[in-house]
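Nothing in this text is a laboratory measurement; each read-out follows from the coordinates by a stated rule. Predicted, not measured: the structure shown is a model, and the values here were computed from it. Cβ placement follows ideal geometry from the backbone for every residue including glycine, while neighbour counts extend to all protein chains displayed.
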Ligand SMILES: [Ca+2]
């Protein structure tokens, strides 16, 4: 081959490699618990709520991508939950109602999941509390390879006025449903995931029913 042929060959090889990578991606299947709304409705008022019924995004990920958070250890800014246990965050139960959620103290609080090793992350799904149509405030989700999160990347931020101090977020707040919130993550590599919230439209407390971290 001459130089021109070599360059063409290299270009075609690169294109084929890209094509093969795209072909290998499959739609990620995330299982939603059954919907269950109970109790007296409370108006959920925030200035930047997304329209109810906004569909979850389609996530394309390599075959073999799975929930790496399942059963992993959870730490928190609130070591002594008011209701429930931090283990609930990764125990695989994501039904609505009593016995499935952990309640953390008021103001801004976080939970953190240790995936035990660095993973390539494609999506994070979170269910705070979905037996009432409410919205959690200042939902910020970060990933890092640093347990103390001195450096990190933000993958979701619905804090529209920087009250949490991580900068103004571009994401809308949202009403909790059985579909939780599916957050696309663009192949970021990280071992730790930390999720913040700052009370909700019904009360000042913070809740988690389940967090899933899909990666490979
Ligand atoms: Ca759970």
Legend entry - Full-stretch length increase - residue 42, residue 150 - with 0.36 nm per residue and alpha-carbon distance subtracted: 35.1 nm
Inset, instruction - Can you tell me the relative contact order of region 101-216? Whole percent, Cα pairs under 8 Å, sequence separation 6 or more. - result: 48
Inset, instruction - Only Cα pairs under 8 Å and at least 6 apart count here; give the relative contact order of the chain as a rounded whole percent. - result: 30
Inset, instruction - Enter the angle in degrees (range 0 to 90, nearest 10) between the Cα long axis of helix 3-24 and the first principal axis of the Cα atoms of the chain, meaning the one along which they spread out most. - result: 30
Legend entry - Length added when fully stretched, residue 32-residue 63, from 0.36 nm per residue minus Cα-Cα: 9.2 nm
Inset, instruction - In whole angstrom, note down how far apart the Cα centers of region 32-60 and region 102-176 are. - result: 16
Inset, instruction - Stick to the Cα atoms of region 91-146, pair each with every other, and give me the Kirkwood hydrodynamic radius in Å at one decimal. - result: 13.8
Inset, instruction - Give me 36, 60 ranked fewest to most by other Cβ atoms within 10 Å of their Cβ, as a rough exposure proxy. - result: 36, 60
Legend entry - Angstrom value of the Kirkwood radius, inverse mean 1/r, which spans all Cα pairs in region 139-213: 13.4
Inset, instruction - Would you list the P(r) distribution for the chain, with all Cα-Cα distances sorted into 10 Å bins from 0 and each bin expressed as a whole %? - result: 8, 32, 34, 14, 6, 4, 2, 0
Inset, instruction - Working from the alpha-carbon coordinates of region 115-183, get Rg over Rh, Rh being the Kirkwood radius. - result: 0.99
Inset, instruction - Would you order 134, 191 from fewest to most other beta-carbon atoms within 10 Å of each residue's own beta-carbon? - result: 191, 134
Inset, instruction - Estimate the FRET efficiency between residue 168 and residue 204 by the formula 1/(1 + (r/R0)^6), using the beta-carbon distance for r and 35 Å for R0, to the nearest 0.05. - result: 0.95
Legend entry - Selected from 96, 125, 56 as most flexible by GNM, with the chain as the system and alpha-carbon contacts under 10 Å: 56
Inset, instruction - Determine, for 209, 40, 90, 177, the number of other Cβ atoms within 10 Å of each Cβ, and report the residues in order from fewest to most. - result: 40, 177, 90, 209
Legend entry - Hull volume in cubic angstrom per residue (convex hull over the Cα atoms of region 32-102): 176
